[in-house]
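The values are calculated or read from the model by the stated rules, or taken from the named source; none is laboratory data. Values in this document were obtained by computation on a predicted structure and should not be read as measured data. Counting neighbours? That spans all protein chains shown, and the Cβs are built from the backbone with ideal geometry, glycine included.
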Amino acid sequence: MKILVLGSGADGSLPQCNCNCPPCTGQRPGPPAVHACTRSSIAVSADGESWVLLNASPDLGQQVRSHPQLHRGPGEVHGVRGTPIKAVVLLDAQIDHVTGLLGLREGPCIDLYATPCVFEDLTTGLPLLNVLQHYCGTRWHMLPVAGDRACAEFAIAGFESLRFTALAIPGKAPPYSPHRREQAVGDNIALRVEDLRDGQRLFYSPGAEVSCDGMEIVP
């Protein structure tokens, strides 16, 4: 399994335009005291050629430009446009994790994996999926994490050697969500990815809500 850490920053990235905390001010002016970070997102691959994007950050364009692995390969000959990003898994519906989908609108139809809560939010409070239907379109793949089901294993076509497991975690729906005040199973998930060839595992949980006493998640 191959992993690209595209961004590791929180809301607003680092530096954030309206923040004067020490890490952000360390980026301005003069030589930076800390490394800049785009917003949280990673990509995983079984072969280094085709990739699954985990969350779609608003910084996706910059992230793709910074990672040649996500550029179109020289061997691709099917038309002028193309991308090695073959699927997107959304772990929640927060703006910093979904608005990068708009940056994929001029490419092929997006294979999108998300829970019912996330699909609801992205067709109502923030109707990104409705907008995308007028561009590239989306193929929806529902992750059945909802109600009393807190865990769901799933596969992604073309990535048969990788096994994906979605796990419900504590966390709120985004402020624009119609059910913002009623936390539901599926608002936030973590993702476990296992390479069936060698047993390597990845656990990704950018939206975990941690209390003052701390929280332990055992995948």
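For the condition in contact with a Cys (Cβ under 8 Å, 6 or more places away or on another chain) and among the small types (Gly, Ala, Ser), what is the one hit in GLY158, GLY137, GLY147, GLY103? It would help to see each step written out before you state the result.
Numbers: GLY158 fails: in contact with a Cys (Cβ under 8 Å, 6 or more places away or on another chain); GLY147 fails: in contact with a Cys (Cβ under 8 Å, 6 or more places away or on another chain); GLY103 fails: in contact with a Cys (Cβ under 8 Å, 6 or more places away or on another chain).
Answer to the check: GLY137.
When you look at GLY103, is it touching a helix residue (DSSP H, G or I) at 6+ places or on another chain (Cβ under 8 Å) and either surrounded by fewer than 22 Cβ atoms within 10 Å (Cβ to Cβ) or more than 20 Å from ASP59 (Cα to Cα) (or both), yes or no?
Details: touching a helix residue (DSSP H, G or I) at 6+ places or on another chain (Cβ under 8 Å): yes; either surrounded by fewer than 22 Cβ atoms within 10 Å (Cβ to Cβ) or more than 20 Å from ASP59 (Cα to Cα) (or both): yes.
So GLY103 fits the description; yes.
Just to verify a result, which residue in region 63-88, among those that are crowded, with 16+ Cβ neighbours inside 10 Å and not basic (Lys, Arg), is modelled with the lowest pLDDT?
Among residues in region 63-88 that are crowded, with 16+ Cβ neighbours inside 10 Å and not basic (Lys, Arg), the one modelled with the lowest pLDDT is THR83.
Yes or no: region 148-155 includes at least one residue that is in contact with a helix residue (DSSP H, G or I) (Cβ under 6 Å, 6 or more places away or on another chain), at pLDDT 95 or above and closer than 22 Å to LYS86 by Cα.
Our first condition is that a residue be in contact with a helix residue (DSSP H, G or I) (Cβ under 6 Å, 6 or more places away or on another chain); within region 148-155, this holds for none.
Scanning region 148-155, I find no residue that is in contact with a helix residue (DSSP H, G or I) (Cβ under 6 Å, 6 or more places away or on another chain), at pLDDT 95 or above and closer than 22 Å to LYS86 by Cα, so the answer is no.
Is there a residue in region 26-39 that is surrounded by 23 or more Cβ atoms within 10 Å (Cβ to Cβ) and either at pLDDT 90 or above or not in a loop (DSSP other than H, G, I, E, B) (or both)?
Here is the first cut: in region 26-39, the ones surrounded by 23 or more Cβ atoms within 10 Å (Cβ to Cβ) are 39.
Narrowing the set further to residues that are either at pLDDT 90 or above or not in a loop (DSSP other than H, G, I, E, B) (or both) leaves 39.
Looking through region 26-39, at least one residue is surrounded by 23 or more Cβ atoms within 10 Å (Cβ to Cβ) and either at pLDDT 90 or above or not in a loop (DSSP other than H, G, I, E, B) (or both).
From VAL131, VAL118, which residue is in a helix (DSSP H, G or I), without any contact (Cβ under 8 Å) to a residue 40 or more places away in the chain and not small (Gly, Ala, Ser)? Spell out the reasoning first.
Working: VAL118 fails: without any contact (Cβ under 8 Å) to a residue 40 or more places away in the chain.
Testing whether each residue is in a helix (DSSP H, G or I), without any contact (Cβ under 8 Å) to a residue 40 or more places away in the chain and not small (Gly, Ala, Ser) leaves just VAL131.
Which residue pairs have Cβ atoms under 6 Å apart, sit 6 or more places apart or on different chains, and have a first residue in region 148-164 that is farther than 23 Å from ASN188 by Cβ and a second that is surrounded by 13 or more Cβ atoms within 10 Å (Cβ to Cβ) and of a type outside the set (A, V, I, L, M)?
From region 148-164, the pairs are GLY158/SER50; GLY158/LYS86.
Identify, by number, the condition in (1) buried (at least 22 other Cβ atoms within 10 Å of the Cβ); (2) within 29 Å of GLY82 (Cα to Cα); (3) of a type in the set (A, V, I, L, M); (4) touching a residue at least 40 places away in the same chain (Cβ under 8 Å) that ILE95 doesn't meet.
Of the numbered conditions (1) buried (at least 22 other Cβ atoms within 10 Å of the Cβ); (2) within 29 Å of GLY82 (Cα to Cα); (3) of a type in the set (A, V, I, L, M); (4) touching a residue at least 40 places away in the same chain (Cβ under 8 Å), the odd one out for ILE95 is (1).
Test of understanding: among ARG163, ARG197, ARG139, which residue is loosely packed, with under 13 Cβ neighbours inside 10 Å, outside any loop (DSSP other than H, G, I, E, B) and at pLDDT 95 or above?
On the way: ARG163 fails: loosely packed, with under 13 Cβ neighbours inside 10 Å; ARG197 fails: outside any loop (DSSP other than H, G, I, E, B).
Going through ARG163, ARG197, ARG139 in turn, just one is loosely packed, with under 13 Cβ neighbours inside 10 Å, outside any loop (DSSP other than H, G, I, E, B) and at pLDDT 95 or above: ARG139.
Can you tell me which condition ASN18 does not meet? The list is (1) closer than 24 Å to ASP195 by Cβ; (2) modelled with pLDDT under 95; (3) surrounded by fewer than 20 Cβ atoms within 10 Å (Cβ to Cβ), and all the others hold.
(1) is the only condition that ASN18 fails.
Test LEU101 against the stated conditions and say whether it is outside any strand (DSSP E or B) and touching a Phe, Trp or Tyr at 6+ places or on another chain (Cβ under 6 Å).
Details: outside any strand (DSSP E or B): yes; touching a Phe, Trp or Tyr at 6+ places or on another chain (Cβ under 6 Å): no.
Criteria not met by LEU101.
Could you run through region 175-191 and say how many residues are farther than 30 Å from GLU49 by Cβ and under 15 Å from the mean Cα position of the chain (by Cα)?
Let us first name the residues in region 175-191 that are farther than 30 Å from GLU49 by Cβ, namely 175-188.
In the following step, the residues that additionally are under 15 Å from the mean Cα position of the chain (by Cα) were identified as 186-188.
Number of matching residues: 3.
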